[in-house]
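Inspection log for the structure reproduced underneath, given as structure tokens.
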Amino acid sequence: MAESVLPRQIAIPEKGSQPQKWIRRLVWKIAIATLLLMAVGSATRVMNAGLACPDWPLCYGKLIPTQQMNLQVFLEWFHRLDATLIGLSAIALTGLSWWYHRDLPKWLPWACTFALGLIIFQGILGGLTVTQLLRFDIVTAHLGTALIFFITLIVIGTTLTPYQGTATVGKLSWI
């Protein structure tokens, strides 16, 4: 009687090597940081803060523009900071995927390299967005590339996440 009422939980061993687990976790962390970056980028656009830092890659010629700091400058500066951290993480991700390529699916280093290429292109577009004074076509390409990068991370992360069975194969409890 208790078996029909209480669901059984079956422990399914996690497939994949240790490097694959590290890479999967890094991919999901980069994806979360990218989602945050897109939110800050949207806030930057809505608050008309896209040119709050008039030069690129620095902001008022400094890494941290403490004297000019206000909400708009902070949004643009933080957007750049988060983007830099994501870029460095993408370099680490690609390096790890090639370093451990023998223990990983064959497609993974190539997918990580594609993601790195996207983030490099994204950085170039980010710089052009400022130096070209928010030209609409560059801003649109900047957003589009961000979305493609984010989707690429989601696909990689989802594909690397082990399947968790529900242990209800052959049972249709709703019938």
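Please work out if LEU71 is out of contact with any Phe, Trp or Tyr (no Cβ under 9 Å at 6 or more places or on another chain), exposed (fewer than 15 other Cβ atoms within 10 Å of the Cβ), within 29 Å of ALA43 (Cβ to Cβ) and in contact (Cβ under 8 Å) with a residue 12 or more places away in the chain.
Judged against the criteria, LEU71 is a match.
Which residues, counting only those in segment 141-152, are in contact with a Leu (Cβ under 9 Å, 6 or more places away or on another chain), among the hydrophobic types (A, V, I, L, M, F, W, C) and within 16 Å of ALA111 (Cα to Cα)?
ALA146, ILE148, PHE149, PHE150
Which residues, taken from segment 80-104, are within 17 Å of GLY157 (Cβ to Cβ) and not hydroxyl-bearing (Ser, Thr, Tyr)?
Scanning segment 80-104 gives ILE86, ALA90, ALA92, LEU93, LEU96, LEU104.
Bear in mind that the values in this text are calculations on the coordinates, not laboratory data. These figures come from a predicted structure and were not determined experimentally. A quick note on method: Cβ atoms are made from the backbone with ideal geometry, for glycine too, and the neighbour counts reach across all protein chains shown.
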